[in-house]
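Each reported figure results from applying straightforward, stated rules to the coordinates on display, with no laboratory input. As the structure is a computational prediction, the values presented were derived from the model and not from experiment. Here the Cβ is made from the backbone with ideal geometry for all residues, glycine too, and neighbour counts use every protein chain on show.
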Amino acid sequence: MNKTNPASRPLAVLLTALAATTVLATTTGCAVSRGQESVGAYIDDTAITTAVKARFIDNKTVDASAISVETLKGTVMLSGFAKSDSEKRVAESVAWKVEGVKSVKNEITVRP
């Protein structure tokens, strides 16, 4: 029987999301052009993206696997699919609550 500390779950989710974001950012093209972004700004954007995805995972209203998150200079771009207008609005609201977010572009398509 594997016993783990329940308090370590959010950290594990955050670290997993960060690793996945890093892999995706380095292996796929981004819809948001990175240009001459500094390393510090890239790290800040990656932290924002990871925090948004982690909050989606913790939020039972938002299907984290159906919504993509990209961040450039504090602007969060949400894309993918939601089952309702409510889910789309909640996803945007969750993104706005992450520290460092300057704006949110919600391009989520509602597809019931």
Subject >> Cα-based shape type of region 64-112, given that a ≥ b ≥ c are square roots of the gyration tensor eigenvalues and the cut on a/c is 1.5 >> reply: prolate
Subject >> Packing-based exposure ordering (other Cβ within 10 Å, fewest first) of 105, 88 >> reply: 105, 88
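Report the net charge of residues surrounding residue 64, where surrounding means a beta-carbon distance below 12 angstrom and charges are Lys +1, Arg +1, Asp -1, Glu -1. Walk me through the numbers on the way to the answer.
On the way: positive: 53, 55, 60; negative: 58, 63, 87.
Local charge sum for residue 64: 0.
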